[in-house]
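Novice: This is the structure I have questions about; it appears just below.
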Amino acid sequence: MTTLASALRSRSATYLLALIVIAVLPLIFTDSYWRTNLIVCALNVMLALGLDFVLGYAGQLNLGQSAFYGIGAYAATLLVTRLGVPFWAAYAGAVLLAGLAGVVLSLFAMRLRGHYLAIASLGFAVITYQILLNWISLTQGPLGIYAVPPPPALALPGLPAIDFHNLAALFYLVAGFALLSYLLLDQLIRSPIGETLAAIREDEVSATALGINCAAWKVFAFGAGSAIAGAAGGFYGGFVGTLTPDAFFITESFTILAMVVVGGIGTLTGPVLGAILLTILPELLRGIGDLRLVVYGAALTLVVLFMPGGLAQAARLARDRLRPANTP
């Protein structure tokens, strides 16, 4: 009982710390350049969390995350600009559509695993990109969609309206959804659902023998991870102001995968750290020109070689070393 209470206090403290960090960051970084990077960080955190749920907990190697990101972005933007749907209704529709796309992909690929599933999901990402690029009448293709409005101002009783043209306000919104995604997935993996997905990840044959419907749970994992990617995409168009297919090229899937691997697969905190690091590091290295690519690649290689558990493993090792010897 004491251990459970201690764990609950620790989790509550972690969430409180996350809220404080989110609140303080725009106050520290006041220029538009770094506030823009903060929003990109929050979007990447959502993408990495969605992929980690599929890869780290269900054991399914999904390389189509960029496709679901793009589906969410285009769905929300087209519903708002073409059909005049209110933003939040369009946003919900984009999340639902991205989740359904993940379900459809998993239904076709549920018999695949390992590198076969990776190839199938990568093929889906390529197909989605080509559709976005060549369906000119709908997506404008390489010409792009311009003047995409941000989310509408939020009016709270007794308070000034929150204008999301302001980058600080937009960061609070996106980071709030990223934290909400974390909370949702954290609750899922701590429930019997998490244990079920872990059983499938470790040994699908044994899980089937125990009566687990592996196909249904893999479909669920794909749908949830894809919906979170679609949630990130729903904010993208209004954040950037323009929408072009190049933002959702297949290289984006590999970047998201790198965030999860560097952060630590199967640890929700790890992908958060990996997403932040691999978003900020290229910007910090921009001053050294093309040499930053060498440093960036070397850093990724060193982490994978010497810290296979990623940043989450490094954090655990540091915590264990700093913990007093008499602490249980």
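Novice: I'd like to check something: does region 242-255 contain any residue that is β-branched (Val, Ile, Thr) and touching an Asp or Glu at 6+ places or on another chain (Cβ under 9 Å)? So that I can check it myself, show each step before the final result.
Specialist: The initial filter retains those residues of region 242-255 that are β-branched (Val, Ile, Thr), namely 242, 244, 250-251, 255.
Adding the requirement that they be touching an Asp or Glu at 6+ places or on another chain (Cβ under 9 Å) leaves none.
No; the residues of region 242-255 include none that is β-branched (Val, Ile, Thr) and touching an Asp or Glu at 6+ places or on another chain (Cβ under 9 Å).
Novice: Still on this structure, I have one more. Does region 222-232 contain any residue that is touching a strand residue (DSSP E or B) at 6+ places or on another chain (Cβ under 8 Å) and modelled with pLDDT of 90 or more? Spell out the reasoning first.
Specialist: Initial filter on region 222-232 (touching a strand residue (DSSP E or B) at 6+ places or on another chain (Cβ under 8 Å)): none.
Scanning region 222-232 turns up no residue that is touching a strand residue (DSSP E or B) at 6+ places or on another chain (Cβ under 8 Å) and modelled with pLDDT of 90 or more.
Novice: Follow-up. Taking region 184-218 on its own, how many of its residues are open to solvent by less than 20 Å² (accessible area, probe 1.4 Å) and β-branched (Val, Ile, Thr)? Give the derivation first.
Specialist: Applying the first criterion (open to solvent by less than 20 Å² (accessible area, probe 1.4 Å)) to region 184-218 yields 185-186, 194, 197, 200, 207, 214, 218.
Filter again for β-branched (Val, Ile, Thr), leaving 200.
Final tally of qualifying residues: 1.
Novice: Continuing with this model, one more query. Give the residues of region 17-35 that are touching a residue at least 60 places away in the same chain (Cβ under 8 Å) and either crowded, with 17+ Cβ neighbours inside 10 Å or under 14 Å from residue 273 (Cβ atoms) (or both), sorted by residue number.
Specialist: Once the filter is applied, which keeps residues that are touching a residue at least 60 places away in the same chain (Cβ under 8 Å) and either crowded, with 17+ Cβ neighbours inside 10 Å or under 14 Å from residue 273 (Cβ atoms) (or both), region 17-35 yields 18, 22, 25, 26, 35.
Novice: Might you let me know whether region 67-75 holds any residue that is under 10 Å from the mean Cα position of the chain (by Cα) and either within 14 Å of residue 256 (Cβ to Cβ) or among the aromatic types (Phe, Trp, Tyr) (or both)? First the steps, then the outcome.
Specialist: Step one: of region 67-75, the residues under 10 Å from the mean Cα position of the chain (by Cα) are 69.
Checking which are either within 14 Å of residue 256 (Cβ to Cβ) or among the aromatic types (Phe, Trp, Tyr) (or both) leaves us with 69.
Yes, region 67-75 contains a residue that is under 10 Å from the mean Cα position of the chain (by Cα) and either within 14 Å of residue 256 (Cβ to Cβ) or among the aromatic types (Phe, Trp, Tyr) (or both).
Novice: Go through (1) of a type in the set (Val, Ile, Thr); (2) modelled with pLDDT under 90; (3) in contact with a Phe, Trp or Tyr (Cβ under 9 Å, 6 or more places away or on another chain) and name the single condition residue 261 misses.
Specialist: Of everything listed in (1) of a type in the set (Val, Ile, Thr); (2) modelled with pLDDT under 90; (3) in contact with a Phe, Trp or Tyr (Cβ under 9 Å, 6 or more places away or on another chain), residue 261 misses just condition (3).
Novice: Still on this model: Kindly provide the set of residues from region 224-235 that are under 26 Å from residue 199 (Cα atoms) and open to solvent by less than 10 Å² (accessible area, probe 1.4 Å), ordered by number.
Specialist: Filtering region 224-235 down to residues under 26 Å from residue 199 (Cα atoms) leaves 224-229.
Within region 224-235, 225, 226, 229 qualify.
Novice: Does residue 238 count as over 30 Å from residue 316 (Cα atoms) and crowded, with 21+ Cβ neighbours inside 10 Å? Explain how you work it out, then say what you get.
Specialist: On the way: over 30 Å from residue 316 (Cα atoms): yes; crowded, with 21+ Cβ neighbours inside 10 Å: yes.
In short, yes.
Novice: Could I ask something else about it? Report yes if some residue within region 92-103 is touching a residue at least 60 places away in the same chain (Cβ under 8 Å) and over 18 Å from the mean Cα position of the chain (by Cα); otherwise report no. Outline the logic, then answer.
Specialist: At the first step, the residues of region 92-103 found to be touching a residue at least 60 places away in the same chain (Cβ under 8 Å) are 94-103.
With the extra rule that they be over 18 Å from the mean Cα position of the chain (by Cα), the set shrinks to none.
Within region 92-103, not a single residue is touching a residue at least 60 places away in the same chain (Cβ under 8 Å) and over 18 Å from the mean Cα position of the chain (by Cα).
Novice: I've got another one for you. Counting residues that are under 30 Å from residue 243 (Cβ atoms) and free of Cβ contacts under 8 Å to residues at least 12 places away in the same chain, which helices (runs of 4 or more DSSP H) fully inside region 146-228 reach at least 1? Full working, then the answer.
Specialist: Details: elements: 167-189, 192-202, 204-209.
Qualifying helices (runs of 4 or more DSSP H): 167-189.
Novice: Condition (residue is of a type in the set (S, T, N, Q) and farther than 28 Å from residue 35 by Cα) applied to region 211-221: is it met by at least one residue? Steps first, please.
Specialist: Start the filter on region 211-221 by keeping residues that are of a type in the set (S, T, N, Q), which leaves 213.
This time we only want the ones that are farther than 28 Å from residue 35 by Cα, so: 213.
Yes: region 211-221 contains one or more residues that are of a type in the set (S, T, N, Q) and farther than 28 Å from residue 35 by Cα.
Novice: Of the numbered conditions (1) over 20 Å from the mean Cα position of the chain (by Cα); (2) under 30 Å from residue 203 (Cβ atoms); (3) at pLDDT 90 or above, residue 134 fails exactly one; give the number of that condition.
Specialist: (2)
The values are calculated or read from the model by the stated rules, or taken from the named source; none is laboratory data. All figures in this text were calculated on a predicted structure; none of them were measured in a lab. Every residue, glycine as well, gets a Cβ built from its backbone with ideal geometry; the counts of neighbours run over all protein chains shown. Side chains are part of the model used for accessible areas, which takes the heavy atoms of the whole protein and leaves out ligands, DNA and RNA. Shrake-Rupley method; radii C 1.70, N 1.55, O 1.52, S 1.80 Å.
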